[in-house]
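Read the structure below first, then the notes.
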Amino acid sequence: MKKNTQKILLSLFTEVSTVKNRIPLSVLQCIVPELTAGGFRSLLFTLKKQGVISTQRVQGVTTASITHYGTTLLESEFPALSSKWDDWDGSWECLLFMDSPAFDKQFRYLRTLLLSEGALVVNRGVYIAPGGFSQIVLKECRNAYHSSVLLFSVGDWKIATESSFIIEKYGLLDIAEGYSGLSRDVGRLIEISISEKGLIEGNKSGIHLVYDRVVDILLEDPGFCTFYFKEVEKVKNILSRLSDSLAI
């Protein structure tokens, strides 16, 4: 998904899936100022054709909203937007490489698959995944590596280094600080919008920079940053506040 598409869909995202904010196209265009008018129309046409947004004419103003499919794509692109983390209890699964099979003597294929899905390397031949490994990994392990690996759940870390270990390995502190700064900036923008002519009218040169930052932080977040930093506002709530301020 290209960055302009990410920014458009993120601006339409709202945490409450049953409520779809309608944002004027003139506002959306300010979020991607690098596009020409023709380029912006072309992008909207493509997004509508793909079924990720829909447009409506409301009181003479053309607006856009995200579809369920568009929300699903965002969640697959940015793990932190997935609802699976809402009730995550902090459990992990661990996969140990034992005796390599003849067809994959160095575990190269399995290692590549694990890394592509964001598994964390603890040590040589030791991988962990938050909440469990994907069905793709499980299927491969059952069908091809059942005699070559050990897979077990980690529900209770007996030595209290898990939190600092995970925070360091995933760079969660930098992500948390990024969210904190973003939350403060969004709060200031919304305060300004209350006293002026609206969020966009008073901040046309800056609103797109906010979404640039959102994209950059989301790309780094494995999805569970706020589990370890509960004092940090969840990005889904930050996006909802932004979307609410842009909507009509």
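The values are calculated or read from the model by the stated rules, or taken from the named source; none is laboratory data. Computed from a prediction, not measured in an experiment: that's the story for all the values here. Methodologically, a virtual Cβ is constructed for each residue, glycine included, from the backbone with ideal geometry; neighbour enumeration extends over all protein chains shown. Ligands, DNA and RNA are excluded from the accessible area calculation, which covers all protein heavy atoms including side chains. Shrake-Rupley method; radii C 1.70, N 1.55, O 1.52, S 1.80 Å.
Just need a number here: residues in region 115-128 that are part of a strand (DSSP E or B) and surrounded by 19 or more Cβ atoms within 10 Å (Cβ to Cβ).
Counting residues in region 115-128 that are part of a strand (DSSP E or B) and surrounded by 19 or more Cβ atoms within 10 Å (Cβ to Cβ) gives 2.
Give me the pairs: first residue in region 47-61 and on the phi < 0 side of the Ramachandran plot, second residue of a type in the set (Phe, Trp, Tyr) and outside any strand (DSSP E or B), beta-carbon distance under 6 Å, and six or more apart or on different chains, which are they?
The qualifying pairs are VAL52/TYR69.
Could you please let me know if THR46 is part of a helix (DSSP H, G or I), within 15 Å of LEU218 (Cβ to Cβ), modelled with pLDDT of 95 or more and not charged (D, E, K, R)?
no
Listed residues THR112, THR63; which is open to solvent by 30 Å² or more (accessible area, probe 1.4 Å) and outside any loop (DSSP other than H, G, I, E, B)?
THR112
Hand me the list of helices (runs of 4 or more DSSP H) wholly inside region 184-248 holding 1 or more residues that are acidic (Asp, Glu) and at pLDDT 90 or above.
Counting at least 1 such residues, we get 207-220.
In region 134-164, what residues are in a loop (DSSP other than H, G, I, E, B), surrounded by 13 or more Cβ atoms within 10 Å (Cβ to Cβ) and more than 18 Å from the chain's Cα centre (by Cα)?
Hits for region 134-164 are ALA144, TYR145, SER148, TRP157.
Identify, from the list VAL137, VAL121, VAL126, the residue that is without any contact (Cβ under 8 Å) to a residue 12 or more places away in the chain, under 20 Å from SER100 (Cβ atoms) and of a type outside the set (Lys, Arg).
Residue meeting the stated conditions: VAL121.
Does ILE167 fit the bill of being under 27 Å from ASN237 (Cβ atoms) and surrounded by fewer than 18 Cβ atoms within 10 Å (Cβ to Cβ)?
Yes: the conditions hold for ILE167.
This table checks each residue for (1) over 30 Å from CYS141 (Cβ atoms); (2) loosely packed, with under 15 Cβ neighbours inside 10 Å.
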site: VAL27; (1), (2): yes, no
site: THR36; (1), (2): yes, yes
site: PHE45; (1), (2): yes, yes
site: LYS49; (1), (2): yes, yes
site: ARG57; (1), (2): yes, yes
site: HIS68; (1), (2): yes, yes
site: GLU77; (1), (2): no, no
site: SER83; (1), (2): no, yes
site: GLY90; (1), (2): no, no
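Residue by residue through region 216-233, note down the ones that are under 12 Å from the mean Cα position of the chain (by Cα), touching a residue at least 60 places away in the same chain (Cβ under 8 Å) and buried (at least 17 other Cβ atoms within 10 Å of the Cβ).
The answer is LEU218, ASP221, PRO222, GLY223, PHE224, CYS225.
Out of (1) among the β-branched types (Val, Ile, Thr); (2) under 25 Å from the mean Cα position of the chain (by Cα); (3) farther than 18 Å from LYS3 by Cα, what's the single condition that is false for VAL58?
Only one criterion is unmet by VAL58, namely (2).
Please specify each residue of region 66-86 satisfying the condition of being more than 12 Å from the chain's Cα centre (by Cα), part of a loop (DSSP other than H, G, I, E, B) and over 21 Å from SER26 (Cα atoms).
If the condition is that a residue be more than 12 Å from the chain's Cα centre (by Cα), part of a loop (DSSP other than H, G, I, E, B) and over 21 Å from SER26 (Cα atoms), then ASP86 is the only one that fits.
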